[in-house]
1. Scan the stretch A:86-104 and tell me whether some residue there is within 30 Å of A:F498 (Cα to Cα) and open to solvent by less than 30 Å² (accessible area, probe 1.4 Å).
2. Six or more apart or on different chains, Cβ atoms under 9 Å: show the pairs whose first residue is in the stretch A:238-263 and open to solvent by 60 Å² or more (accessible area, probe 1.4 Å) and whose second is assigned to a loop (DSSP other than H, G, I, E, B) and of a type in the set (A, V, I, L, M, F, W, C).
3. Cβ contacts < 6 Å: first residue at pLDDT 90 or above and of a type outside the set (A, V, I, L, M), restricted to the stretch A:601-623; second residue assigned to a helix (DSSP H, G or I) and surrounded by 18 or more Cβ atoms within 10 Å (Cβ to Cβ), any location; separation 6+ or different chain. Result?
4. Can you name every residue in the stretch A:677-709 that is modelled with pLDDT under 95, among the polar types (S, T, N, Q) and within 15 Å of RNA strand B (Cβ to nearest atom)?
5. Which residue pairs have Cβ atoms under 9 Å apart, sit 6 or more places apart or on different chains, and have a first residue in the stretch A:570-599 that is farther than 22 Å from A:C136 by Cβ and a second that is small (G, A, S) and crowded, with 20+ Cβ neighbours inside 10 Å?
6. Report, ordered by the first and then the second residue, all pairs with beta carbons closer than 6 Å, sequence separation of six or more or different chains, a first member in the stretch A:665-692 that is open to solvent by 10 Å² or more (accessible area, probe 1.4 Å), and a second member that is outside any helix (DSSP H, G or I).
7. Has the stretch A:423-437 got at least one residue that is touching a Phe, Trp or Tyr at 6+ places or on another chain (Cβ under 8 Å), hydrophobic (A, V, I, L, M, F, W, C) and surrounded by 18 or more Cβ atoms within 10 Å (Cβ to Cβ)?
Amino acid sequence: MKELPTRYNPQENEEKIYESWMEENLFHADEKGSGKAYCIVIPPPNITGVLHMGHALNNTIQDILVRWKRMQGHDALWMPGTDHAGIATQNVVERELAKNGLKRRDVGRDNFLKKVWDWKEEYGTTIIRQLKSLGCSCDWDRTRFTMDEGLSNAVKEVFVRLYEEGLIYKGDYIINWCPRCSTALSDEEAEHCDIEGMLYYIKYPVKGSKSIEKENEDYIVVATTRPETMLGDVAVAANPKDKRYSFLKDKTLVLPIVERELKVVFDRDVDPDFGTGALKVTPAHDPVDFELGRKHSLDSINVMHPDGRINSLGGKYEGMDRFECRKAIIKDLKDRNLFIKSEQHLHAVGHCYRCHTVVEPRLSKQWFVKMKPLAKEGIKVVKNGEIKFHPERWTKVYLNWMENIRDWCISRQIWWGHRIPVWYCKDCLKYKDVRDVNITKPGEDGVHVGGEKPEKCSVCGGENLEQDPDVLDTWFSSWLWPFSTLGWPEEGPELDKFYPTDALVTAQEIIFFWVARMIMAGLKFKKDIPFRDVYIHGTVRDATGTKMSKSLGNVIDPLDVIKDVGSDALRFSIISITSQGQDVFLSKDKFDIGRNFANKLWNASRYVLMNVEEKNLTGDIDPADLTLADKWILDQLGRTIEKVDKNLKAYRFNDAAAVLYDFIWHKYCDWYLEISKFSGNKETVHKVLIEVLKVSLKLLHPFMPFITEQIWQSLPVQKEKWIITSPWPIKQKKFDDQESSLEMERAVKIITAVRNVRAFWNIAHTAEIEISLEPKVKKSGKLSEDAAAYVSKLCKCRIIENMSEQDQAKIRKIEVLAEGIKILVGLSEDIVDLEKEKTRVSKKLEDIEKYLTGINNKLKNKKFTENAPADIVDKEKGKQAKWKEERDFLKGNLAALK
RNA sequence: GGGCGCAUAGCUCAGUUGGUUAGAGCGCAUGCUUCACAUGCAUGAGGUCGGAGGUUCGAGUCCCCCUGCGCCCACCA
């Protein structure tokens, strides 16, 4: 038997324990194992990231699930890995280059990629190390990276298949463009937030008018939030029902400054109530306008460079940044008396989710995936319950998005990522630049789609082939994660055993980015759902409710907390305060919960180990030797096992944690340990102490893996070597004992009542008092011998059986009633103040009268007695009897005091 | 414009299908340096469950409306 150090030292021990688990390879899940498979896949953190509280919460939950299932005997696989995060990582490396005054084009594509790989090798595993310090029991030997060869093959395979089915196309569309990152973004990657911007009203003259004086005759007024886009205007649109503009029917307008002629088109999509009802049409720079342009066969004039500067089509504004240009144009319009006014206007503006630059809707040629056919299947499996969201409300959010899904822009004009596996034959294609190729259907001449570069063109035999310069959206590899990490497209025992996985634990932010797409990919390529349950946890916020983010400086770094109080304390705390799917409001003091609990568990264990004698621990517990407290704690232990299982099954982690906290602290420590100090036969008590501790440690292990393992290693009994792989406890029916639990609860209430008297009258804890316990209510009966002994010991009192009138007269007695037992507490005259006692009793009496009135009224109500179920009515009657008893008792007390 | 969430003790929050006197942690008050633990022990105070209405024998819990806060989605030029 090892002795535990006086103080628990997580800083020192957690790392050691983790290493010993790793050495023994205990996180490994055997794909050929005989256990039932249980698999979860990590939401791959991106390689530029560092562990934040969101990760801590997310991964603690997953670790709880996987440890729980592992102990239940499953072959439990937690598949770890990281995500290459194309734009984010490229930005990081570009910043490094910028320190030397270099841009990525200066070093060239191949050199640049080499630098990114170097960066990845050096820094890309930071987050993995941090997950280890959190205690995550991932199967690290299986760690995957989205740019690994295997996963890259999966990406190519998927691209080719989608292309061949006609689900991938390339063409000119308005997409979200980040001028800073200089790439297209998907709709999900543009974060919209409301901005108090300006709506500018500008005069557009009618061609041929001599002056600009009369509105809707000489000129019309258009309203826009982005005046700089007028450089690309090709028309003005109005609603055909809008009479104000019917005069424009055969007219042409003149674009101010640029002096371009603008067509007038009428379209029902134009809202007459917005602005002036006249809409300037810029097909190359606005999605609505783009649609109008297509419908009315208008040209598109793209006036911007990729970096957001105005290009040569912008005339005198060429070279200006878009916002600079906005100012210049407004000034010029004012100078020419073409500017009417500007007003405040709240509207949603897209921002790049990686660099927060304002996104520019921009016409460009990109690759897309047709999503509707994929979404159809994804909707079905959620509607029919094959995949369940927890909490359920996310189902609606998911379905709403899926039902309104739009095509996915998957090409990015960056270098870090999976290069699009398409080669163009420059001889066959008439285009000068391969960027200009449109692809609307599979099998276009001169376009070669496949995993490898073809030797020569299949059409002309030429060898002048050039690969598409773009890379794929990072999520185009992430959406394959549940099966690509298991070896797909190759078949194998891993894929076979662990797919479909069991649960996905993630944050709401990536339901669209990731969850929905994984479902679609799984159904499309594996013909099966990727997971059965999706648990969406809340967002971690600071104490004021703001989302924690590095840029706001309001983060609490999990690593600091781990350094401070240990990973166990961090884990237990964050789980305790996170109820199902609700956001978490975090502040440093919240971690006291876990720290204090770990300390409590440590000290209780220390006490047990110091006191039990090894010789008493052999053999089973003999039910015949059990005292009341033994029976009670074993019964409660069984209930605790059931509750923990029930709550884990329902993804109610905080409830499971609360059940354990209450059992270990308030039942085992507060009562059982205290009673064990004086009651029962040593041999049995030692066995029970250890048995309950053992089971408690196991139940707590998924939540606090380190401390439970460390204490486990010190236990002096026959046991499995490691708690992490020991079998999960099962309730032992033979210890069910409701009767004892009820009797124990009675004793607890009586003890509390007597302690209350002691505290109220300020009796020194060293002073012994005399009490008499007398059953008042027939059915309650006498307190059992054990219970009476607990009362006597824990209240430091001498129990006098059947106190005689004579004895009673000798003392100033305080009478209390608890659990049908009348308690006479003997106190000496000088302690008891008659007035104080009168006040105490009267106050209590008042409260009881209130309850009683309520119950009486209820029972008088015929509707209640006739309609309510019999057991409820009986309960009420029972309450009534109890309160009547208590009231009469107190009345008697009060009378005696007068 | 649609959708969702929250409002319960001084603070932060639980409260599962409606049914004992609505719970926890922190904080507060009082008393304890009792040999596992002051990161502790004991006892206690503190709530007309945001407002109005409805369903029901019975509502913190279900329905409708209102108020305040927060989030998500949408081509509000």
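1. yes
2. Once the first residue is open to solvent by 60 Å² or more (accessible area, probe 1.4 Å) and sits in the stretch A:238-263, its partners that are assigned to a loop (DSSP other than H, G, I, E, B) and of a type in the set (A, V, I, L, M, F, W, C) give A:P240/A:V270; A:E261/A:L255; A:K263/A:V234; A:K263/A:L298.
3. So the pair list comes out as A:S605/A:I711.
4. A:S679
5. These pairs meet every condition: A:D592/A:A569; A:D592/A:S573; A:N596/A:A569; A:N599/A:A569.
6. Within 6 Å, the pairs are A:S679/A:T627; A:G680/A:T627; A:H686/A:V612; A:K687/A:I621.
7. Yes.
Quick grid of which residues meet (1) part of a strand (DSSP E or B); (2) over 18 Å from A:R435 (Cβ atoms); (3) touching a strand residue (DSSP E or B) at 6+ places or on another chain (Cβ under 6 Å); (4) more than 15 Å from RNA strand B (Cβ to nearest atom):
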{"site": "A:Y169", "(1), (2), (3), (4)": "yes, no, yes, yes"}
{"site": "A:Y173", "(1), (2), (3), (4)": "yes, no, no, no"}
{"site": "A:N176", "(1), (2), (3), (4)": "yes, yes, yes, no"}
{"site": "A:E188", "(1), (2), (3), (4)": "no, yes, no, no"}
{"site": "A:M198", "(1), (2), (3), (4)": "yes, yes, yes, no"}
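The values are calculated or read from the model by the stated rules, or taken from the named source; none is laboratory data. What you see is a predicted model; the values in this text were computed from it and never measured. Note that we place each Cβ from the backbone using ideal geometry, even for glycine, and neighbour counts take in every protein chain shown. For the accessible areas, the whole protein counts, side chains as well, though only heavy atoms, and no ligand, DNA or RNA atoms are used. Shrake-Rupley method; radii C 1.70, N 1.55, O 1.52, S 1.80 Å.
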